[in-house]
Amino acid sequence: MDFNKKKIFCFTSVFVVLISVYLYTIAPTVSLWDCGEFIACSHILGVPHPPGTPFYILLGRIFDILFPFKEIAKRINFLSVLSGALAGAVLYLVVLKVIGRFNENKGREHLLGTHLIAVFSSIGAGLCFSVWDSSVEAEVYALSTLIIVLGLWLTLHWSDHRQEKGDNNYLLLFAYLLFLSIGVHLLPLLLLPGVLIFLILIDWKILKDYRLIGIVLVLALIGVSTYYVLMIRAQANPGINEANPTTFAKLWDVFNREQYGADNLFIRHTSWQTDYGFIRALFEQLKVFFKYFSWQFFPYPRTDTGVLLRYLSLFGTYMYVLTGVWGIWINFKKDKESFWLVFILFILLTLGLVVYLNHEFSPSDPNPAHQPREPRERDYFWAPGFFFFMFYVAIGLHWVWGRLKQRIPRYAVSVIVIAGFMGFIPLVSNIKSHANRRGNWLAHDYAHNLLISCEENSILFTYGDNDTFPVWFIQEVKDFRKFDAEKKKGVRLGNFSLMNTNWYIKQFKLSKVPIDFASPFIGTRFASEYNRQKRAGSTNKNFEEWVMDSLPPAVRIEEGRIIELKDMAVRSIILSALGKEPTFRDMFMELGLFVEKYINSEDFNPSINIYFSFPIPSDYREPLSAHLLREGVVYKLVKDKVNLKSNREKTWDLFNNKFAYSYYDNFWMCIGSEAQVTTLINLAFSLFTFGEEVMSDIYPALQKDKLTEPVRDTLLMLQSLFNKAIIYTEDETLFLGIAPNLIENQKLIYRKLGNYDEGLQFVNSFLRIKDVPRLRLLRGELLIIKAKNTEDSGEARNMLTLAEEDFNSLFPLKRWRPFAYKGFIELYVYSGEEEKLENIVDELVEDQRMFNTVFMLLEREDVEIAIDLITRVKKRYPKDKYLDEVLDSLEVRR
């Protein structure tokens, strides 16, 4: 096999391995965060959020047309898959080029060991957690990484072929790709400083080639010209048209991210609520970066693991770090030119981004004082940096291999084996992480459920990316519940974050949502200023459009209160839907007074249904809560005081017949994402609270010995709802708040239906996938109930032993210890194990807070056992009058 054939084979091998892994784990549909917007904008050639990413959108549209995946989202996800796999393959070529520049390798053919080390390291680069995570969904980071690594290869290739005819064409192609990449993301621009240093070190005179520089400037203009597409599409008013860049001034605002405001890099965001000085605040941000770095190769500390795997993860991560750091040193010693080319890029992609991005604290920071926090983990920003760290791992491994080959040849193959392990360890470590999106339909189903919860001809107020972007995808790509005011069909989204921008408010008017920003400002200074500009010829807008463009994002009024533009928009929509002309006072009055005047009224019958997604922000929840009726996973604004109760008939139908739950079957494969956890919590809370309401309705019927068929059918459906609630509640802290009632309800349902085996089968099926405390608790409780109803005493004893094991597993967990104590008491009271029961009581009386918690759990579920507990404590403290009062109150309930 000659040199070129080796390269072709190895390049193809890296590509095939990575694309196979990516295709196996590709998101089958839309994912959370920006993906929904990118897919929808690619499909309709819309205008996404600043800075616009026009080239990405154009490429996405090409993939949408060319690739035959049935699911449109998967076609555009494949753009990232292909980009990530190609990036890994090109990194292999870059490693070879840099190693080939070392003095001992110049003019020589690379040995097989060099190729294998480059192959394994490149595969490892593509399988790093954040790289993999960004390569299986519609995001810009895989494509950005491909452009960066291609730029490196072109620069090195130019150096290898200097003085040949057409050598500068490689630089021209590099320049074109670089400026074209601005339409994807600004990250590839970080190549420029290192490339300039490289050119100066190789041949500084090239920077005096004015003809070459002139061509570069022309190519730069051609590259950035993709931004003109945004202006063209904005004029057509597509379904998604963020910032509406119809003029060059607005286009510049999009490119410059004017919507998000300027940032002062000398004021670190980690100092806002902590009062940390600049150095300490920057240090905290560096800690976040290194935490994300530690996630890349092994499960710990990204996920909690056993002790052995924890130590293996720490040892393995340090192995990568030491090998990579050594590779940096070797690159510096062996070839200064390529060192500065890659190292400057690497520093800018890692530590440089820490300084520039100026992030808040990580959402998973264990210190509660560390506020404010980012809405999600931001590791993806550093994905290209983690990718290029594996370049240095390759250089470090190659040096060790070369030394062993010279001095102890028989051991040299061990380095190749280690390189293989380092290349494929991330595959084993990350295959069960959030990077694996196989079967993950959560975002798709959540968006579907949001829309189906609303009636036709509705506006749904949402609060963030995850209840907005997937909905845009469903509407624009799936054409489901798309808003049409004339036909009174569909649902119009009102995103609270975007509603503080003028262009978004104007788009409400354009889509014929009832809204009036003219009436409130007639006769005010706005009207005077408008008339002055109209006379001067400085505006040709109508008064309402001019007002919408002129209002600031927030206004401080005389009472010191701040009214945001979104608040004015909500009031204007409500009043316009009621057929009323909003007044200036209406726009600025306190929300509670507004609710009392217009919503708490017999006249409240809006022409468009008004909904809010869950969770409702605190500034709206309190004033509106009395008039919010739950329908599915949204709340409808109604005139009656319903206090967050449910529309039973509709919600029951939605949960049981119309909601999509495809993620329920295999969601354990994809847990770990903060956004997914939050979304699942919202669904779990809705299922649980609705189930509680239904249980309260049928509770009297459950006290009877024999169940009627309608009650039995209701219990079967409630069983399904509560099962989903307990599974979807991935966040243990939130689950503790609803655990007593949820477990109690499930136990009651299984006992009344007599299907303990079905309950245990359900719990065991999920415990085999992941061991979680809430399922251990439920299994222990179900085993006690089943043991009570089992005639075989030996079988009953085995069940009680298993229940004891479950409660023992909860005991070391501080949050779950009260539940463990409660389980032990129930178990030992039933089994008659007096000595164990007395030991538990002795422990509890030594910890008053724990005793109170356990007693509360017991007395709300089983009064008899609560009386037994208090009686035992009374024997220890016979003169305690408070215990007499507690016993008397329990006897009354008995």
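Might you check whether a residue that is in a loop (DSSP other than H, G, I, E, B) and either modelled with pLDDT of 95 or more or touching a Gly at 6+ places or on another chain (Cβ under 8 Å) (or both) occurs anywhere in the range 403-421?
To start, the set of residues in the range 403-421 that are in a loop (DSSP other than H, G, I, E, B) comprises 408.
Now narrow it down to the ones that are either modelled with pLDDT of 95 or more or touching a Gly at 6+ places or on another chain (Cβ under 8 Å) (or both): none.
Among the residues of the range 403-421, not one is in a loop (DSSP other than H, G, I, E, B) and either modelled with pLDDT of 95 or more or touching a Gly at 6+ places or on another chain (Cβ under 8 Å) (or both), which makes the answer no.
In the range 250-271, is there at least one residue being in contact with a Gly (Cβ under 6 Å, 6 or more places away or on another chain) and either in a helix (DSSP H, G or I) or open to solvent by 70 Å² or more (accessible area, probe 1.4 Å) (or both)? It would help to see each step written out before you state the result.
Within the range 250-271, the subset in contact with a Gly (Cβ under 6 Å, 6 or more places away or on another chain) is 254.
Right, trim to either in a helix (DSSP H, G or I) or open to solvent by 70 Å² or more (accessible area, probe 1.4 Å) (or both) and you get 254.
Yes - at least one qualifying residue is present in the range 250-271.
Filter the range 394-436 for residues that are small (Gly, Ala, Ser) and crowded, with 21+ Cβ neighbours inside 10 Å and give the result.
Step one: of the range 394-436, the residues small (Gly, Ala, Ser) are 394, 396, 402, 412, 414, 419-420, 423, 429, 433, 435.
Those that are small (Gly, Ala, Ser) and crowded, with 21+ Cβ neighbours inside 10 Å: 394, 396, 402, 419, 423, 429, 433, 435.
When the residues of the range 37-52 are narrowed to those that are small (Gly, Ala, Ser) and part of a loop (DSSP other than H, G, I, E, B), which ends up surrounded by the most Cβ atoms within 10 Å (Cβ to Cβ)?
As a first pass, look at the range 37-52 and keep what is small (Gly, Ala, Ser): 40, 42, 46, 52.
Remaining after also requiring part of a loop (DSSP other than H, G, I, E, B): 46, 52.
Working: 46: 23, 52: 25.
Ranking the candidates gives 52 first.
State whether the residues of the range 358-379 include one that is in a helix (DSSP H, G or I) and closer than 19 Å to residue 295 by Cα. Before you say what the answer is, go through the steps one by one.
Just the residues of the range 358-379 that are in a helix (DSSP H, G or I), to begin with: 379.
From what is left, the residues that are closer than 19 Å to residue 295 by Cα are 379.
Yes; the residues of the range 358-379 include at least one that is in a helix (DSSP H, G or I) and closer than 19 Å to residue 295 by Cα.
Could you give every pair whose Cβ atoms fall below 7 Å, whose first residue belongs to the range 403-430 and is under 30 Å from residue 294 (Cβ atoms), and whose second residue is hydroxyl-bearing (Ser, Thr, Tyr) and crowded, with 16+ Cβ neighbours inside 10 Å, counting only separations of at least 6 or pairs across chains?
Partner pairs satisfying both residue conditions: 419/121; 422/320; 423/121.
Would the range 68-89 turn up any residue that is in a helix (DSSP H, G or I), buried (at least 19 other Cβ atoms within 10 Å of the Cβ) and over 27 Å from the mean Cα position of the chain (by Cα)? Steps first, please.
Just the residues of the range 68-89 that are in a helix (DSSP H, G or I), to begin with: 72-89.
Now drop any that are not buried (at least 19 other Cβ atoms within 10 Å of the Cβ), which leaves 72-89.
From what's left, over 27 Å from the mean Cα position of the chain (by Cα): 89.
Yes, the range 68-89 contains a residue that is in a helix (DSSP H, G or I), buried (at least 19 other Cβ atoms within 10 Å of the Cβ) and over 27 Å from the mean Cα position of the chain (by Cα).
Being within 24 Å of residue 253 (Cβ to Cβ), in a helix (DSSP H, G or I) and open to solvent by 60 Å² or more (accessible area, probe 1.4 Å) narrows it down to one of 509, 534, 541, so name that one.
On the way: 534 fails: within 24 Å of residue 253 (Cβ to Cβ); 541 fails: in a helix (DSSP H, G or I).
Checking each option against the conditions leaves just 509.
Given (1) out of contact with any His (no Cβ under 7 Å at 6 or more places or on another chain); (2) of a type outside the set (Val, Ile, Thr); (3) buried (at least 24 other Cβ atoms within 10 Å of the Cβ), where does residue 109 come up short, assuming only one miss?
In the conditions (1) out of contact with any His (no Cβ under 7 Å at 6 or more places or on another chain); (2) of a type outside the set (Val, Ile, Thr); (3) buried (at least 24 other Cβ atoms within 10 Å of the Cβ), residue 109 misses (3) alone.
Output the residue which, of all residues in the range 456-491 that are in a loop (DSSP other than H, G, I, E, B) and either open to solvent by less than 10 Å² (accessible area, probe 1.4 Å) or of a type in the set (S, T, N, Q) (or both), is nearest to residue 636 (Cα to Cα).
Let us first name the residues in the range 456-491 that are in a loop (DSSP other than H, G, I, E, B), namely 456-457, 463-468, 477-481, 483, 485-488, 490.
So of that shortlist, the ones also either open to solvent by less than 10 Å² (accessible area, probe 1.4 Å) or of a type in the set (S, T, N, Q) (or both) come out as 457, 466, 468, 490.
On the way: 457: 13, 466: 20, 468: 17, 490: 15 Å.
So, considering only residues that are in a loop (DSSP other than H, G, I, E, B) and either open to solvent by less than 10 Å² (accessible area, probe 1.4 Å) or of a type in the set (S, T, N, Q) (or both), the one nearest to residue 636 (Cα to Cα) is 457.
If you go through the range 291-319 one residue at a time, how many are touching a helix residue (DSSP H, G or I) at 6+ places or on another chain (Cβ under 9 Å), over 20 Å from residue 421 (Cα atoms) and outside any loop (DSSP other than H, G, I, E, B)?
Of the residues in the range 291-319, 2 are touching a helix residue (DSSP H, G or I) at 6+ places or on another chain (Cβ under 9 Å), over 20 Å from residue 421 (Cα atoms) and outside any loop (DSSP other than H, G, I, E, B).
Limited to the range 602-611, what total is found for residues that are touching a helix residue (DSSP H, G or I) at 6+ places or on another chain (Cβ under 7 Å) and within 22 Å of residue 679 (Cα to Cα)?
Filtering the range 602-611 for residues touching a helix residue (DSSP H, G or I) at 6+ places or on another chain (Cβ under 7 Å) gives 604, 606-608, 610.
Those still in the list that are within 22 Å of residue 679 (Cα to Cα) too: 610.
Qualifying residue count, the range 602-611: 1.
Take the range 294-323 and flag every residue that is β-branched (Val, Ile, Thr) and surrounded by 19 or more Cβ atoms within 10 Å (Cβ to Cβ). Don't jump to the end; show me each part of the working.
Step one: of the range 294-323, the residues β-branched (Val, Ile, Thr) are 303, 305, 307, 317, 321, 323.
If the condition is that a residue be β-branched (Val, Ile, Thr) and surrounded by 19 or more Cβ atoms within 10 Å (Cβ to Cβ), then 323 is the only one that fits.
Identify the single condition in (1) of a type in the set (D, E, K, R); (2) in contact with a helix residue (DSSP H, G or I) (Cβ under 7 Å, 6 or more places away or on another chain); (3) assigned to a loop (DSSP other than H, G, I, E, B) that residue 445 does not satisfy, given that it satisfies every other one.
Looking at each condition in turn, residue 445 falls short on (3).
Checking residue 27 against (1) part of a loop (DSSP other than H, G, I, E, B); (2) open to solvent by 20 Å² or more (accessible area, probe 1.4 Å); (3) at negative phi: exactly one of these is not met. Which one?
(2)
May I ask you to verify whether residue 194 is within 23 Å of residue 339 (Cβ to Cβ), open to solvent by less than 40 Å² (accessible area, probe 1.4 Å) and either in contact (Cβ under 8 Å) with a residue 24 or more places away in the chain or not aliphatic (A, V, I, L, M) (or both)?
Values: within 23 Å of residue 339 (Cβ to Cβ): yes; open to solvent by less than 40 Å² (accessible area, probe 1.4 Å): yes; either in contact (Cβ under 8 Å) with a residue 24 or more places away in the chain or not aliphatic (A, V, I, L, M) (or both): yes.
For residue 194, the condition - within 23 Å of residue 339 (Cβ to Cβ), open to solvent by less than 40 Å² (accessible area, probe 1.4 Å) and either in contact (Cβ under 8 Å) with a residue 24 or more places away in the chain or not aliphatic (A, V, I, L, M) (or both) - is met.
The values are calculated or read from the model by the stated rules, or taken from the named source; none is laboratory data. Predicted model only: the values in this text are computed from it and were never measured. When we count neighbours, we look across all protein chains shown, and the Cβ atoms used for this are built from the backbone with ideal geometry, even at glycine. With ligands, DNA and RNA removed, areas are computed over all heavy atoms of the protein, side chains included. Shrake-Rupley method; radii C 1.70, N 1.55, O 1.52, S 1.80 Å.
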